[in-house]
1. Select from region 97-127 the residues that are on the phi > 0 side of the Ramachandran plot and crowded, with 18+ Cβ neighbours inside 10 Å and list them in ascending order.
2. What are the residues in region 91-125 that are of a type outside the set (A, V, I, L, M) and either within 18 Å of ALA260 (Cβ to Cβ) or touching a residue at least 40 places away in the same chain (Cβ under 8 Å) (or both), if any?
3. For GLU192, indicate whether it is part of a helix (DSSP H, G or I), surrounded by 13 or more Cβ atoms within 10 Å (Cβ to Cβ), of a type in the set (D, E, K, R) and in contact with a helix residue (DSSP H, G or I) (Cβ under 8 Å, 6 or more places away or on another chain).
4. Could you count how many residues in region 107-123 are out of contact with any strand residue (DSSP E or B) (no Cβ under 7 Å at 6 or more places or on another chain) and outside any loop (DSSP other than H, G, I, E, B)?
5. Can VAL94 be described as in a strand (DSSP E or B), surrounded by 20 or more Cβ atoms within 10 Å (Cβ to Cβ) and out of contact with any Phe, Trp or Tyr (no Cβ under 6 Å at 6 or more places or on another chain)?
6. From SER35, SER26, which residue is free of Cβ contacts under 8 Å to residues at least 60 places away in the same chain and of a type in the set (Ser, Thr, Tyr)?
7. Determine if region 180-203 includes at least one residue that is of a type in the set (Ser, Thr, Tyr) and within 30 Å of VAL93 (Cβ to Cβ).
Amino acid sequence: MTAPRIGFIGAGNMATSLIGGMLQGSFKPNQVMASDRSDEQLQRLSRQFGIHTSTDNADLARDCDVLVLAVKPQVLQAVCRALPAERKAGQLVVSIAAGITCSSLASWLGADTPLVRCMPNTPALRGQGVSGLFAVTQVSGEQKKLTENIMNAVGISLWLEQEEQIDAVTAVSGSGPAYFFYLMEAMTSAGEQLGLPREVAERLTLFTALGAADMAVHSDVDTAELRRRVTSPGGTTEQAINSFARDDLPGMVARAMQAAAARSAELSKELA
């Protein structure tokens, strides 16, 4: 597909981040369009990126090869049903709306629509996101590659074999940033209780988290081995790890993520 045109319905933070990342990569401003109800938001996008904008979703949908649905899940059905039936043949639709299944999208857009369902996470706003992707059978290899190019503009993406795995992706990476924020919050407070000024405890915590993540990403061993390497027998780290183990930290994490995955599945049913 030569110079495909990508249209975003919804111009919020995630769409803005994707557009910015795409334009820093191989995409050109004349390939990207966006529609939104907010004139102010569209004017900002136009000034910042030099892309075409519109308040008319139908007009945008007729003129693009890829349609990215970036609106709130609660309004997606109404948005989809209002789109014109005479869109480009084989137009790829990528949904980043949480909880909306491909079967729901197909019922609103047409059974033969090439659909990709995507679960990004908030670090995408900083170009450090990770997205789980699922494609229906109508999506071609070329369209899958194009979806990767779009989502990889703000991080990395991983394909899933089954749509149900989106719920697990939600539990791991979609909700995951909040888990780490919660741990960092707790570590900062504990450091303060140990006598550190809060700003010192916070900086120590944040940059320790950043450094540990960077080590894990670039290491040739898994995180369990990295943990073992910094846990000297009889040392301070061992005492902390033993305390975590007594409180069943692995079990706590597993139960929390199971709860997140279950709620993701429930939301999909509620929004169907």
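1. Quick first cut of region 97-127, residues on the phi > 0 side of the Ramachandran plot only: 99, 110, 127.
Passing the criteria: only GLY99.
2. Going residue by residue through region 91-125, those that are of a type outside the set (A, V, I, L, M) are 91, 95, 99, 101-104, 107-108, 110, 112-114, 117-118, 120-123.
Residues satisfying the conditions are GLY99, THR101, CYS102, SER103, SER104, ARG117, CYS118, PRO120, ASN121, THR122, PRO123.
3. On the way: part of a helix (DSSP H, G or I): yes; surrounded by 13 or more Cβ atoms within 10 Å (Cβ to Cβ): yes; of a type in the set (D, E, K, R): yes; in contact with a helix residue (DSSP H, G or I) (Cβ under 8 Å, 6 or more places away or on another chain): yes.
So GLU192 fits the description; yes.
4. The initial filter retains those residues of region 107-123 that are out of contact with any strand residue (DSSP E or B) (no Cβ under 7 Å at 6 or more places or on another chain), namely 107-108, 110-112, 122.
Imposing the further condition that a residue be outside any loop (DSSP other than H, G, I, E, B) reduces the set to 107-108, 122.
Counting residues in region 107-123 that are out of contact with any strand residue (DSSP E or B) (no Cβ under 7 Å at 6 or more places or on another chain) and outside any loop (DSSP other than H, G, I, E, B) gives 3.
5. Working: in a strand (DSSP E or B): yes; surrounded by 20 or more Cβ atoms within 10 Å (Cβ to Cβ): yes; out of contact with any Phe, Trp or Tyr (no Cβ under 6 Å at 6 or more places or on another chain): yes.
Yes: the conditions hold for VAL94.
6. Numbers: SER26 fails: free of Cβ contacts under 8 Å to residues at least 60 places away in the same chain.
Going through SER35, SER26 in turn, the sole match is SER35.
7. The initial filter retains those residues of region 180-203 that are of a type in the set (Ser, Thr, Tyr), namely 182, 188-189.
In the following step, the residues that additionally are within 30 Å of VAL93 (Cβ to Cβ) were identified as none.
No.
So that you can scan it fast, the table gives a plain yes or no per residue for (1) outside any strand (DSSP E or B); (2) acidic (Asp, Glu); (3) modelled with pLDDT under 95; (4) in contact with a Pro (Cβ under 7 Å, 6 or more places away or on another chain):
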position: GLU40; (1), (2), (3), (4): yes, yes, yes, no
position: ALA58; (1), (2), (3), (4): yes, no, yes, yes
position: ASP63; (1), (2), (3), (4): yes, yes, yes, no
position: GLN74; (1), (2), (3), (4): yes, no, yes, no
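The values are calculated or read from the model by the stated rules, or taken from the named source; none is laboratory data. Worth saying up front: this structure is predicted, and the values here are computed from it rather than measured. Ideal geometry is used to build each Cβ from the backbone, glycine not excepted, and the neighbour counts take in all protein chains shown.
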